[in-house]
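Notes for the one structure printed next.
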Amino acid sequence: LRRLIIQNPNPDESTKAYMSQVEAQLVSILTTSRHCMTYNSDNKSYSYDPRFLVFEYTWNVVLRKRQIELVTDFIKEARKGEETSKCDERIWCCLCCTYIS
């Protein structure tokens, strides 16, 4: 963005529109919430599952709050050790629907 401003001190309308889009993307990236952090009010600290952060970094994505909740629910069910089956359907992106069992 800085380079665009320096290179175009008097930008035309199309350059202004492009700069506005770049600015909006930057703001979105900087203000995105991470939902893998949980606050523990007892000892006033945060904790997180590093696997979520590694997944986000590896695949260059940001997991939504509901996606974190869904995976956390599966982990809790698996730790119970019971012979149960859980099937849940969630929309993971705009175009696809994923079944997890």
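Quick look at the values:
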{"read-out": "Segment 1-55: relative contact order as a whole-number percent, Cα under 8 Å and 6+ apart", "value": "22 percent"}
{"read-out": "Distance between segment 56-79 and segment 1-51 - C-alpha centres, whole angstrom", "value": "22 Å"}
{"read-out": "Nitroxide proxy distance, nm - points 7 Å out along Cα→Cβ at residue 42 and residue 8", "value": "5.5 nm"}
{"read-out": "Inter-label distance for residue 72 and residue 23, nm, one decimal - labels placed 7 Å from Cα along Cα-to-Cβ", "value": "3.6 nm"}
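Quick note: the coordinates plus some simple rules give every number you see, no bench work behind them. Since this is a predicted model, take the numbers as computed values, not measurements. Note that we place each Cβ from the backbone using ideal geometry, even for glycine, and neighbour counts take in every protein chain shown.
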